[in-house]
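J.: Pasting a structure here, questions to come.
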Amino acid sequence: MSEATSTKQGWAQGTSIGAAIIMVTVGVVQFLQGIAAVAEDEVFVVGIEYVYKFDLTTWGWIHIVIGAVVAAVGFALFTGASWARISAIVVASISLIANFLWIPYYPWWSLLIIALDIVVIWAVSTWRPTAV
């Protein structure tokens, strides 16, 4: 294996461990964000009406479920198992889509989570645990 490939895999491995930490953190915060949306609709300000508008309580439950799943997959990602890596890509993609649809309610948070989901997808998809 060339030094460039080894360096790239080192970055991917480190970023994948970071991705697991990011997934757990994002999952917990997304879970709490969902609770805030379910418990008190006045927490979030709704701007422009969009085609894919849901009730805030519905969005709250969506974020609770996605947050719990993201955190669970984040914990599983620490093992480096293939199923955990595939699950992380799928779950991060779903989180990315949900946060894109959530932009009208909380734009800065949504954009931050979308960026972190992209980092998670890149790190997990480029990391080959046997290559290091």
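We did not get these values from a lab; they are worked out from the coordinates using the rules stated. Nothing here was measured: the structure is a model prediction, and the numbers come from that model.
J.: For the stretch 110-121, take each phi angle, set θ = phi - 60°, evaluate the Karplus expression 6.51 cos²θ - 1.76 cosθ + 1.60, and give the result in whole Hz per residue in order, putting x for glycine and proline.
T.: Those phi angles translate into 4, 5, 5, 5, 4, 4, 5, 4, 5, 4, 4, 4 Hz.
J.: Using 0.36 nm per residue of separation minus the Cα-Cα distance, give me the extension gain between A39 and A68 in nm, one decimal. List each step's numbers first, then the result.
T.: Working: separation 29, 0.36 × 29 = 10.44 nm, distance 1.71 nm.
Value of the extension gain: 8.7 nm.
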